[in-house]
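Engineer: One structure coming up, written as structure tokens, with questions to follow.
The values are calculated or read from the model by the stated rules, or taken from the named source; none is laboratory data. Treat the numbers as computed from the prediction; the structure is a model and nothing was measured. Please note: Cβ atoms are built from the backbone with ideal geometry, for glycine as well, and neighbour counts cover all protein chains shown. Surface accessibility is based on the protein's heavy atoms, side chains included, excluding ligands, DNA and RNA. Shrake-Rupley method; radii C 1.70, N 1.55, O 1.52, S 1.80 Å.
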Amino acid sequence: PLFRPRTPGQAVPTVLIGFELPDSLRWPPIALSERAEQVHTLQGTMTERLRLLAALAAAPGVRALVVCSAAASPDRGTERVLRQVWAEAVECALLPLGSEAAGAIDKPLRWADWLAASDLQAVAFCATAADARQWMEQHRG
């Protein structure tokens, strides 16, 4: 099983989900993965997305941090995955992760604008990995 059942009184688990990340991004970031109970990677195939969503639906409530590439543009596929994860999670956050490569064109704030203009305002926006780590810390059971 993707998720272990929780025992009464146990903290709500945090799941770290990388979505369509390029090979140039280091995954998973150590600072985030050490705070997550589980780490998953989706390359965008329907099979892996449905498998993760079925596991989220069957699991007791989890908090989900979805990580995408800051250099990418928000699109319908990202919106669909984010919407589906958000529907199954107790809380959800989005981190558009920037590349460490020189000359990388990362635009994480366009993701913030996109979230604000969508009906996904309940999804927390994390501008940096430090923000995401703070979100994970503040929302630990």
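Engineer: Looking at A57, A70, which one is at pLDDT below 90, in contact with a helix residue (DSSP H, G or I) (Cβ under 6 Å, 6 or more places away or on another chain) and over 24 Å from K107 (Cα atoms)?
Structural biologist: Unique residue meeting the criteria: A57.
Engineer: Another question about this same structure. Can you find a residue that is among the small types (G, A, S), at pLDDT 90 or above and crowded, with 16+ Cβ neighbours inside 10 Å anywhere in region 97-105? Even if it seems obvious, please write down each step before you answer.
Structural biologist: Here is the first cut: in region 97-105, the residues among the small types (G, A, S) are 98-99, 101-104.
Checking the rest, the ones that are also at pLDDT 90 or above come to none.
Looking for residues that are among the small types (G, A, S), at pLDDT 90 or above and crowded, with 16+ Cβ neighbours inside 10 Å, one finds none in region 97-105, hence no.
Engineer: Here is a follow-up. I need a count of the residues in region 13-61 that are among the acidic types (D, E), in contact with a strand residue (DSSP E or B) (Cβ under 8 Å, 6 or more places away or on another chain) and free of Cβ contacts under 8 Å to residues at least 40 places away in the same chain. Explain how you work it out, then say what you get.
Structural biologist: In the first step, residues of region 13-61 are kept if they are among the acidic types (D, E); the result is 20, 23, 34, 37, 48.
Add one more test, that the residue is in contact with a strand residue (DSSP E or B) (Cβ under 8 Å, 6 or more places away or on another chain), and what stays is 20, 37, 48.
The next check asks that each one be free of Cβ contacts under 8 Å to residues at least 40 places away in the same chain; those that pass are 37, 48.
Of the residues in that region, 2 qualify.
Engineer: Filter region 22-62 for residues that are within 20 Å of E79 (Cβ to Cβ), within 11 Å of the chain's Cα centre (by Cα) and open to solvent by less than 50 Å² (accessible area, probe 1.4 Å) and give the result.
Structural biologist: Answer for region 22-62, where residues must be within 20 Å of E79 (Cβ to Cβ), within 11 Å of the chain's Cα centre (by Cα) and open to solvent by less than 50 Å² (accessible area, probe 1.4 Å): H40, L42.
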